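For reference, the structure discussed in these notes is given below.
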């Protein structure tokens, strides 16, 4: 579940209708890796996830690269540049979990990297989530 939050956090940051500058990302097949670590009162093992997806030029121009459904989250701040973006999210889920996240991403044409830091209130108590992520273009779609 938590690795999906990391992917969702990245996705939400790029889900918007108007872009100030086109992100410096090349279309193609992309591989994304994220590692999630938690600070909480009880031990939660680090979680890593790797996935691939095809990103088209249209996805990039429309701001739809890396987009997934984020009905539970609201983007409260977004600064998009060709070399990256910063954004903030507030999320509330049906299971009673609420989270605020701050993200910073760097775009480098055929690669990207970033971090997401989140404070969570869960039914199990408060915890902090830290995500490091990388992405790289691995070929044509």
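Quick note: the coordinates plus some simple rules give every number you see, no bench work behind them. Quick caveat: nothing in here was measured; it's all calculated off a predicted structure. Methodologically, a virtual Cβ is constructed for each residue, glycine included, from the backbone with ideal geometry; neighbour enumeration extends over all protein chains shown.
Neighbour counts of C-beta atoms inside 10 Å place 60, 44 in the sequence 44, 60, starting with the fewest.
Spacing of the modelled spin labels on residue 46 and residue 100, each 7 Å from Cα toward Cβ, amounts to 2.7 nm.
Measuring from centroid to centroid over Cα atoms, what is the spacing of region 36-53 and region 84-108 in Å? Taking the Cα centre of region 84-108 as reference, the centre of region 36-53 is 15 Å away.
Taking the inverse of the mean 1/r over every pair of distinct Cα atoms in region 41-141 gives a Kirkwood hydrodynamic radius of 15.4 Å. The slack in the chain from residue 134 to residue 22, taken as 0.36 nm per residue of separation less the alpha-carbon distance, amounts to 38.4 nm.
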